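The values are calculated or read from the model by the stated rules, or taken from the named source; none is laboratory data. A quick note: this is a predicted structure, and the numbers were derived from the prediction, not measured. As a convention, Cβ positions derive from the backbone with ideal geometry for all residues, glycine included, and neighbour counts pool all protein chains shown. These accessible areas exclude ligands, DNA and RNA; they are computed on the full protein's heavy atoms, side chains included. Shrake-Rupley method; radii C 1.70, N 1.55, O 1.52, S 1.80 Å.
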Amino acid sequence: MNALVTENVEKKFANHLALDNVSISVPKGSVFGLLGPNGAGKTTLIRIINQITAPDKGKVFINGEKISSKHIKNIGYLPEERGLYKKMKVGEQALYLSQLKGLSKQETLKRLKYWFEKFEIQSWWDKKVEELSKGMQQKVQFIITILHKPELLIFDEPFSGFDPINTQILKEEILNLRNQGATIIFSTHNMASVEEICDHIALINKSKKIIEGPINEIRNNYASDIYEICFDGYFNKLESTLTSDYKILDINETMQKTKMKIEVLNKNIKPNDLITKMIEFGNINSFNKHLPSMNDIFIKLVGETNSQTE
Amino acid sequence: MSKIGLIIKREYSTRVKKKTFIIMTILGPILFAALMIAPALLMQLEDDEFKKIAVIDETGVFSESLISTKHIEFYDFSAKYLNQETFEYDLTKATDDLKDSDYYALLYIPSNAVFNAKGSVILYSYKQPNIGIKMHIAHGLEKKVKDIKFQVTADDLDINQEQISEILRVANSEIQVVTNIIDDKGEIKESHSEVAMIVGYISGFLIYMFVFMYGSQVMRGVIEEKTSRIVEVIVSSVKPFQLMMGKIIGVALVGITQFALWVVLTIGLVSIGQAIILKDFDPAKLNPNTTEIGSELSPNSLIPDEKAIEFEKIFQAVYSINYFVIIASFLFYFIGGYLLYGALFAMIGSAVDNEADTQQFMLPITLPMVLGLFVMLTAMQNPNGSLAYWFSIIPFTSPIVMMSRIPYGVPYIDLFISMALLVATFIFTTWFAGKVYRVGILMYGKKVNYKELWKWFRYKN
């Protein structure tokens, strides 16, 4: 079951094609990373999902239904460029924005009380937003985004401007929401946090979707034959038997153990062949296939598509 | 509450609670009241101080015509400053002496004052003498000069003074033109152009002010939402058009509230002011001919009874105006004009990143508004001329120009066409502005020009 599906979405601005035939499927209950370099079209896609703009072509479905204004209350959106009314008090503002989402006043007050207590920020209620620091403002905005318990949450760079402690708190809250059944779309440039919390991703570059799928599958698909090995034995002897089919990328020798990265250049050689070779000279403590980081995949894919179009 | 209702409520309550709103609401009526009461008040204060005035009269004929009152007393120093040898008056010494004396001023009447009086009589003073004293002296001297001239002319023509007075009385024939308007049904009504002019001017000007004041509040509000980036959160909950209309309507309600408070407070303040400060205030006093000083010296002026009748007439005129039509159409054009321009102000706000960039787009708003104001001034003199007619039909100027025509009486068909066009146009501008607005509020860091706005307008949703 998919919480959100976009089907061949296209959006044109004057002479510029912002989205070209973009189809993504966000599984229910997943944390879905929407990745792409600046200006790729992510924000436009997010705005289309939020019904801020409409696509020129293509369709968007939420829980299998074509999107309409009744879905607005099911979506929570934290835009990258965050902002609140500076002169308005925190409490009033939270109340106003939640009521705009269709929440009743009593219900809003009840939930706000819960979250303000949880984050220990009750004393901010009567403060004007401009009196708060940037991080504090973001915290308030985070609460406002999730207050109406949306089924679909869209976070655009949610961690920017937070210190490590608050980033951790926020990460936990996001995963909590996922565990309670919410689906989360997560747009960021921070690939480390993508690896950490996303289970699915889609990569958009130059208005087109390049790749989409479960993150582990993608990392496996893009893995080259590199192995991370911890070896306990006669490394010198091993090294002399390695032919040109192998390439040692990285080596780190300690007292007895040797940590190394070996790339297998010949496609016919299987990992087992390497292992057989190695056990002649010593013991293997660990043997892992090296998975490329999301960062590497991102750079590789974006670089490839860019050189194709040029 | 509906979403647009929530937006209106927020726009209204945040503005009404602002300090500037409260200060403006209180200061406005105080200023208006001061403008209305101050002249009368000053008139009264002037008379309080007792003043001695020294006189050097070279002609020797005026001493009796300068009559002392309870506030002014004249002392003849002609003899003191006459140089016995040269038979000239030492004016320099006299002005020097004035400095340390308790005399308020020195009046110098040169020998040619009778037959070449213009500008030759001088009042020396170390303070700015008030207008009352000047008028009092002028009246006194004029009467004497008149008498002497009468005498001379009477002698020349060999007639007596009474005959001259009779001729003057006959010649002095003031004519007042009463304007009567015949309406469609053939009924004749007395009209009062002066009062109509004032009512028209004030209402036209108020509309002009209102549109600019509250229109730019809408614009600033939009810019605030755009620069603080909250707009993206809001438009994920409501349609941009709802947000724009909510703001325009909310600010309009603020304007109407402020205006209503101004009217109530001004009326309150003026009546309290009149009751306390001007217990014995008589509007007739404002006319220089009938001031306390003048009345003693100018028997030719209107007697108080006539003056009272005159005022009575003005009050009648004020009441005879068709207030229902004026107030109803004032409210209509007040709101209609604001709505027409309010959407355009919102559109400009959406197109720019900060207030400084608004200048380039303000011309299409300022130009018709200022034009309307100028045409209004002409229309007050010729309310049924073709200039006034067309500008009161064209929606971009009609709120101002039509208001200056209405007090004179406007055919209902004109009023209907003008109002219908205004409604049609504000629906159009709101629709147009809404389309530009929804794109503009999400555009940042772009140098925008009219071509760009047109492009935005044509974007599909």
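Tally time: how many residues in the stretch A:286-303 are more than 21 Å from the chain's Cα centre (by Cα) and open to solvent by 50 Å² or more (accessible area, probe 1.4 Å)?
The number of residues fulfilling the criteria is 3.
Those residues that are touching a residue at least 12 places away in the same chain (Cβ under 8 Å) and open to solvent by 40 Å² or more (accessible area, probe 1.4 Å), I need them from the stretch B:425-437; list them, please.
If the condition is that a residue be touching a residue at least 12 places away in the same chain (Cβ under 8 Å) and open to solvent by 40 Å² or more (accessible area, probe 1.4 Å), then B:Phe426, B:Phe432, B:Lys435 are the ones that fit.
Residues to consider are A:Lys267, A:Lys237; find the one that is open to solvent by 80 Å² or more (accessible area, probe 1.4 Å), outside the structural domain of A:Val31 (by TED's automatic domain parsing) and in a loop (DSSP other than H, G, I, E, B).
A:Lys267
For the stretch A:29-65, give me the residue count where each residue is among the aliphatic types (A, V, I, L, M), closer than 24 Å to A:Val140 by Cα and assigned to a loop (DSSP other than H, G, I, E, B).
1
If you check A:Ala192 against the conditions, is it loosely packed, with under 13 Cβ neighbours inside 10 Å, of a type in the set (A, V, I, L, M, F, W, C) and at pLDDT below 90?
yes
Being without any contact (Cβ under 8 Å) to a residue 40 or more places away in the chain and either crowded, with 18+ Cβ neighbours inside 10 Å or on the phi > 0 side of the Ramachandran plot (or both) is the filter here; which residues of the stretch A:171-181 pass it?
Start the filter on the stretch A:171-181 by keeping residues that are without any contact (Cβ under 8 Å) to a residue 40 or more places away in the chain, which leaves A:171-173, A:176-177, A:179-180.
A:Leu177 - this is the single residue of the stretch A:171-181 that is without any contact (Cβ under 8 Å) to a residue 40 or more places away in the chain and either crowded, with 18+ Cβ neighbours inside 10 Å or on the phi > 0 side of the Ramachandran plot (or both).
With A:Ile201, A:Ile165, A:Ile143 as the choices, which residue is part of a helix (DSSP H, G or I), among the β-branched types (Val, Ile, Thr) and farther than 25 Å from B:Ser228 by Cα? If you could, list the steps in order and put the result at the bottom.
Working: A:Ile201 fails: part of a helix (DSSP H, G or I); A:Ile143 fails: farther than 25 Å from B:Ser228 by Cα.
Answer to the selection: A:Ile165.
Consider the stretch B:7-33. How many of its residues are within 14 Å of chain A (Cβ to nearest Cβ), part of a helix (DSSP H, G or I) and without any contact (Cβ under 8 Å) to a residue 40 or more places away in the chain?
Summing the residues that are within 14 Å of chain A (Cβ to nearest Cβ), part of a helix (DSSP H, G or I) and without any contact (Cβ under 8 Å) to a residue 40 or more places away in the chain in the stretch B:7-33 gives 4.
I want to confirm something. Restricting to the stretch A:66-92 and keeping residues that are assigned to a helix (DSSP H, G or I) and facing another protein chain (nearest Cβ under 9 Å), which single residue is most open to solvent (accessible area, probe 1.4 Å)? So that I can check it myself, show each step before the final result.
Quick first cut of the stretch A:66-92, residues assigned to a helix (DSSP H, G or I) only: A:69-74, A:90-92.
Next, from what is left, pick out any that are facing another protein chain (nearest Cβ under 9 Å): A:69, A:72-73, A:92.
Values: A:Ser69: 78, A:Ile72: 24, A:Lys73: 111, A:Glu92: 75 Å².
That would be A:Lys73.
From A:Ile62, A:Ile52, A:Ile46, grab the single residue that is buried (at least 17 other Cβ atoms within 10 Å of the Cβ), in contact with a Leu (Cβ under 9 Å, 6 or more places away or on another chain), touching a residue at least 24 places away in the same chain (Cβ under 8 Å) and under 19 Å from A:Pro158 (Cβ atoms).
Of the residues listed, the single one that is buried (at least 17 other Cβ atoms within 10 Å of the Cβ), in contact with a Leu (Cβ under 9 Å, 6 or more places away or on another chain), touching a residue at least 24 places away in the same chain (Cβ under 8 Å) and under 19 Å from A:Pro158 (Cβ atoms) is A:Ile46.
Out of B:Ala308, B:Ala356, B:Ala328, which single residue is over 30 Å from B:Leu243 (Cα atoms), modelled with pLDDT under 90, part of a helix (DSSP H, G or I) and of a type in the set (A, V, I, L, M)? Show your work before the answer.
Working: B:Ala356 fails: over 30 Å from B:Leu243 (Cα atoms); B:Ala328 fails: over 30 Å from B:Leu243 (Cα atoms).
Only one candidate qualifies: B:Ala308.
Looking at B:Met213, B:Met219, which one is farther than 20 Å from A:Gln141 by Cβ, more than 14 Å from the chain's Cα centre (by Cα) and open to solvent by 20 Å² or more (accessible area, probe 1.4 Å)? Break it down stepwise before answering.
Numbers: B:Met219 fails: open to solvent by 20 Å² or more (accessible area, probe 1.4 Å).
Just one listed residue meets the conditions, B:Met213.
Conditions first: (1) within 27 Å of A:Lys206 (Cβ to Cβ); (2) more than 7 Å from every other protein chain (Cβ to nearest Cβ). A:Asn63 passes all but one, so which condition is the exception?
The one condition A:Asn63 does not meet is (1).
Out of all the residues in the stretch A:96-114, is one or more more than 12 Å from chain B (Cβ to nearest Cβ), crowded, with 21+ Cβ neighbours inside 10 Å and touching an Asp or Glu at 6+ places or on another chain (Cβ under 9 Å)?
For the stretch A:96-114, residues more than 12 Å from chain B (Cβ to nearest Cβ), crowded, with 21+ Cβ neighbours inside 10 Å and touching an Asp or Glu at 6+ places or on another chain (Cβ under 9 Å): absent.
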